[in-house]
There are 2 protein chains.
Amino acid sequence: MTAPPQDLPHIAARMADIAPFHVMELYTRARQLETLGCRVIHMEVGEPDFPTPEPVIAAATEFIRKGDVHYTPALGIPPLREAIARFYQERYGVTVEPERIAVTAGASGALILALGLLIDPEDRVLLPDPGYPCNRHFVRTFEGRPQPLAVTPQSNYQPTAAQVEQAWTPRTRALLVGSPSNPTGTMLDGRELAALAATVARLDGHFIVDEIYHGLTYGCDAETALGISDGVFVVNSFSKYFNMTGWRLGWLVLPKTYVREAEKLAANLFISAPSPAQYGALAAFKPETIEILEGRRREFQARRDFLLPAVERLGLRVYAAPAGAFYLYADSSALAPDSFKLAWQLIEQAGVAVTPGVDFGAHQPERHLRFAYTVSREKLEEGVERIARFLGQS
Amino acid sequence: MTAPPQDLPHIAARMADIAPFHVMELYTRARQLETLGCRVIHMEVGEPDFPTPEPVIAAATEFIRKGDVHYTPALGIPPLREAIARFYQERYGVTVEPERIAVTAGASGALILALGLLIDPEDRVLLPDPGYPCNRHFVRTFEGRPQPLAVTPQSNYQPTAAQVEQAWTPRTRALLVGSPSNPTGTMLDGRELAALAATVARLDGHFIVDEIYHGLTYGCDAETALGISDGVFVVNSFSKYFNMTGWRLGWLVLPKTYVREAEKLAANLFISAPSPAQYGALAAFKPETIEILEGRRREFQARRDFLLPAVERLGLRVYAAPAGAFYLYADSSALAPDSFKLAWQLIEQAGVAVTPGVDFGAHQPERHLRFAYTVSREKLEEGVERIARFLGQS
């Protein structure tokens, strides 16, 4: 947490609790080194390096060319909501009515919508720590209170039903989890999701599941919480598996009773999600797109399969198998006591950018680094080699 | 205000204060009538009917084709921030440093950013009534309290400095105005802007000015609050003058001291604004684009010049000259005591869609209708004729 600048005449109190991404400062330094001619290996960025799939480009371009780029209905164009519903049917065998799907500007828009609908001031929201840094800031934005739940390798860096039950307070309103998780890549299986959903329902709370890394799982498939209950809120995105980050498109699946309220809130806060992205995404589920994406998924798997043992050979420890996303969350304490300092040494002295644990929470952040395998195998090899050299291992 | 559905297990309290747009229900009915084969004249929609200008389409298409549609810096790509700064210099002769410009997903994103930065729970925000309906909902979203300020034709439907001073309370934090205003199309001139800015500064508050209808002014130019003070927050958009509604792109100009905090909040809430829109907008300031836009501005003026006297001939009264935007705010009380009922009669019996005053606030909404001249002159003529027939005038 950083205090706002002293020279500001006034700023909302929430801003004192909204932290910048430390990784962005590392990234800025990396870019600066690059302008000086240095070659930096980027293992800090949570963004696939792949271009938008060609069929999506073609669909978006065809739409834009007509010039008719106007607002859409607040919850998205009907054919896209229908296509997402079909995707749930085909990929998971789960029936989700199109009207329960709100198309949003990225998962960011979906999280704003879900928390705006559910969170009152002082409401607490249970969040696994380590976890996606923005989640606590979304909660704080709506004057809720993030309630961190330390998660450990023993439970695959995921909260257990018993832990949730124990941590729950009269002011706790919701549990928000990611599966696969950022930064750990670990997942909740169907049994675990069902146990969490049942516990939260019994406690009269809301269960929000971030499934934005679905599709990017290796040697296994992720289960959707929608297969377990119609009462959960599921966040998803076209950014990661579909390689559409810059388009800003995602979705929120809501319980049916909340749809009308969500429409009201979305119309007021956003008007609608970007139209070029919505029309482009109509091609995201085509067989030829899925074929491209599945090839990239195999590439991510090959990268993980290289990076995981390589990082362990460097002396870092990955305690829970990262089954999905494109991250390794590694204990760096055998190399250095302070991962934040280590991350800065790695950028300055080895030209390798990785994310320090401090971006993901307060539970042993100083012991951890996150490695993103969002660059080519060749670059990952060079990155590992550079770290080995920095550590005096080669 | 509508209460949330009774069957919801729980919903945030703010949702009871976030009203749906009544016009959306009229619009839905209009679409339904159209599917039945009726021809409806749309004078309810606040969206230009023009396509995206060709140079913007070309720039966006060229960018998308390369496939490199990734996240951008949180406050926007530097060349776009620079282009917007140049636009202020060239059009207004006002110097705005590019780093003070935050590129956002529409003016909606800019309003979220400004109010998220400034508004604490229970803070009051002064809002002209009638005014843009979403403004009070943005304030409420951040747990602030909208404080309506009834504005009348005597002050051109704009607040005066004296009125602001009188209404200010110890909990009032900001004044948010639109110039040109939605729904009235009236403007604040430089002298009035300066008086408001000085008053709000003296009261230790923030002055937020919505300038999204700049460029769409007829026989006069709008003055920007940025020419008066570096301490104001100015919201703008590519939607209206630039005809880029569906792209979802706007911007917020901030006092320099707030930029770093805005960057932190934008990175957390949005990651970045849509990349295709940002690259497309690079062409929005080209001379060939401006030429197209100025032609459309003349067309809007011709529409206004037809519609204003035509509406008055129908027996409605427009008290303050609508110098900008694409709206007429007309007193309909000589025709009917309840404009909401009248709007429904017009859609059902005349096939003409207009917006009832109730969408814009609580100050005499039942006496007013908003007419949008966002359709062709020919359609406007037909709309007027249909209303005349409905009123038994022809």
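A DSSP coil position with no more than 12 other Cβ atoms inside 10 Å describes none of the chymotrypsin sites (Phe, Trp or Tyr not before Pro) in segment B:311-390. Within chain A, the longest run free of exposed loop sites, counting trypsin sites (Lys or Arg not before Pro) that sit outside DSSP helix and strand states (H, G, I, E, B) and have at most 11 other Cβ atoms within 10 Å, spans A:67-394.
Counting from the shortest, the label point at B:Gly295, 7 Å from Cα toward Cβ, is 4.3 nm from the same position in each remaining copy. Take B:Arg31, push a point 7 Å out from Cα through the beta-carbon direction, and compare it with the same point in every other copy: 3.9 nm, smallest first. Each of A:His368, A:Phe270, A:Ala110 was placed along the dipole of chain A (beta-carbon charges, centred on the mean Cα), and the one lying farthest toward the positive end is A:His368. Mind scanning A:Lys264/A:Lys286; A:Lys240/A:Lys379; A:Lys286/B:Lys66; B:Lys256/B:Lys286 and naming the pairs with a C-alpha gap bigger than 22 Å? Too far apart for the 22 Å limit: A:Lys264/A:Lys286; B:Lys256/B:Lys286. Candidates B:Leu149, B:Ala162, B:Val125 compared by Cα position along the dipole of segment B:82-197: farthest toward the positive end lies B:Leu149, with charges placed on Cβ. A point 7 Å from Cα along Cα→Cβ stands in for B:Glu378, and the other copies hold the same point at 5.9 nm, listed in rising order.
What does the C-alpha gyration tensor say about the overall shape of segment B:64-132? Classify as rounded when a/c is under 1.5, otherwise prolate if a/b is larger than b/c, or oblate. Here segment B:64-132 falls in the oblate category. With R₀ set to 56 Å, the beta-carbon distance separating B:Gln166 from A:Tyr319 gives a calculated FRET efficiency near 0.30.
Evaluated with a Cβ-only charge set (Lys, Arg +1; Asp, Glu -1), chain B carries a dipole of roughly 180 debye about its Cα centre, given to the nearest 20. Using just its DSSP H runs of length 4 or more, each adding -39500 (n - 2.57), the protein assembly as shown gives a mean residue ellipticity at 222 nm of -11500 deg cm²/dmol after division by all residues.
Modelled spin-label separation between A:Glu348 and B:Glu288, with each label point placed 7 Å from Cα along the Cα-to-Cβ direction: 5.0 nm. Arranged from fewest to most other beta-carbon atoms within 10 Å of their beta carbon, B:Ser181, A:Ser237 become A:Ser237, B:Ser181. Put a plus charge on the Cβ of each Lys and Arg, a minus charge on the Cβ of each Asp and Glu, and nothing anywhere else: the dipole of segment A:56-285 about its Cα centre is then about 360 debye. For segment B:124-155 versus segment B:343-363, the spacing of their alpha-carbon centroids is 21 Å.
Sorted fewest first by neighbouring Cβ atoms within 10 angstrom, A:Glu44, A:Glu291 come out as A:Glu291, A:Glu44.
Under a model in which nothing but the beta-carbon of Lys, Arg (+1) and Asp, Glu (-1) is charged, the protein assembly as shown shows a dipole of about 20 debye around its Cα centre.
With a 10 Å cut-off around each Cβ of A:238-251, the average count of Cβ atoms from other chains is 4.
Read-outs throughout are calculated quantities, based only on the coordinates presented, and are distinct from any laboratory measurement. Predicted model, so just to flag it, every value in this text is computed and none were measured. Cβ atoms come from the backbone with ideal geometry, glycine included; neighbour counts cover every protein chain shown.
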